[in-house]
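Asker: Please see the structure below; I have some questions.
The values are calculated or read from the model by the stated rules, or taken from the named source; none is laboratory data. What you see is a predicted model, and the numbers here were worked out from it, not measured in a lab. Here the Cβ positions follow ideal geometry from the backbone for every residue, glycine too, while neighbour counts run over all protein chains shown.
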Amino acid sequence: MEITWVGGSCFRFRGREAAVVTDPQTSGLTKTGSFPKADLVASSVSDKGSESVNLVQANHKDRRIFVASGPGEYDVCGVFLRGLVGSTVADAVERPIVYAMDIDRVTVAYIVNCTAEFDSALLDELGTVQVLIVNADKNADDVMSLVSRVEPNIVVPFGVDPNSISGWFDVARDLSEVELTAEASLSVSASTLPEPVTTRVLAQRVI
């Protein structure tokens, strides 16, 4: 599986059989030709699902793009996706959706809001997670606590707040024991997962 950070909270996960794109409405892209290709779109905000499909390209011409924009279980083109209701966010009107996706025998958790209110029941529903993609814009302690509770093999912090860019990267540095360099993409295989937890950072895709 290949993971690319498109921009904002938009990521592309490309597996052998299909590609998943998260929150394309946050990518900042405006030209159709630069939109990421997807078989499945996962929107963490339920009322953005309908517009999300217009901000991606079909990964296969003979496949319709499927949009997941709420809690539930979805099985699309060999990708199993679970949408779970996230923890309460004080300044949000609705609780965000947390996604767990199984691609090429690797489970990825995608968390666009990380708060101290993450409860054990939600983490139990997530199950075993090999790759944790988590927004680290806000409270560093919350991110570090979440990483220690989830115990992924790989954690990929990111930020969406232009005023907190250095903040999320500082969190990534605190989580890592080695110097970090932003990578264009991240390749993950079930047979080569690192132990203990390893921190990786991605560079936003340049169009």
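Asker: How many residues does the range 134-143 hold that are at pLDDT 90 or above and out of contact with any Gly (no Cβ under 9 Å at 6 or more places or on another chain)?
Answerer: The number of residues fulfilling the criteria is 1.
Asker: Does Pro152 satisfy being modelled with pLDDT under 90 and either buried (at least 20 other Cβ atoms within 10 Å of the Cβ) or within 19 Å of Gly7 (Cβ to Cβ) (or both)? Even if it seems obvious, please write down each step before you answer.
Answerer: On the way: modelled with pLDDT under 90: no; either buried (at least 20 other Cβ atoms within 10 Å of the Cβ) or within 19 Å of Gly7 (Cβ to Cβ) (or both): yes.
Considered against the rule, which asks whether it is modelled with pLDDT under 90 and either buried (at least 20 other Cβ atoms within 10 Å of the Cβ) or within 19 Å of Gly7 (Cβ to Cβ) (or both), Pro152 comes out as no.
Asker: Being in contact with a helix residue (DSSP H, G or I) (Cβ under 9 Å, 6 or more places away or on another chain) and at pLDDT below 85 is the filter here; which residues of the range 33-52 pass it?
Answerer: Val45, Lys48, Glu51, Ser52 - these are the residues of the range 33-52 that are in contact with a helix residue (DSSP H, G or I) (Cβ under 9 Å, 6 or more places away or on another chain) and at pLDDT below 85.
Asker: Also, quick follow-up: Can you confirm whether the range 31-38 contains a residue that is more than 15 Å from the chain's Cα centre (by Cα), touching a residue at least 60 places away in the same chain (Cβ under 8 Å) and surrounded by fewer than 20 Cβ atoms within 10 Å (Cβ to Cβ)?
Answerer: Of all residues in the range 31-38, those more than 15 Å from the chain's Cα centre (by Cα) come to 31-35, 37.
Next cut, touching a residue at least 60 places away in the same chain (Cβ under 8 Å) only: 31, 34.
Retained after the next criterion (residues that are surrounded by fewer than 20 Cβ atoms within 10 Å (Cβ to Cβ)): 31, 34.
Within the range 31-38, one or more residues are more than 15 Å from the chain's Cα centre (by Cα), touching a residue at least 60 places away in the same chain (Cβ under 8 Å) and surrounded by fewer than 20 Cβ atoms within 10 Å (Cβ to Cβ).
Asker: Could you please find all residues in the range 105-125 being surrounded by fewer than 24 Cβ atoms within 10 Å (Cβ to Cβ) and touching a Leu at 6+ places or on another chain (Cβ under 7 Å)?
Answerer: Hits for the range 105-125 are Phe118, Leu122, Glu125.
Asker: Now for a different question. Quick one: in the range 82-104, of everything that is over 17 Å from Val150 (Cα atoms) and modelled with pLDDT of 95 or more, which residue is surrounded by the most Cβ atoms within 10 Å (Cβ to Cβ)?
Answerer: Ile103
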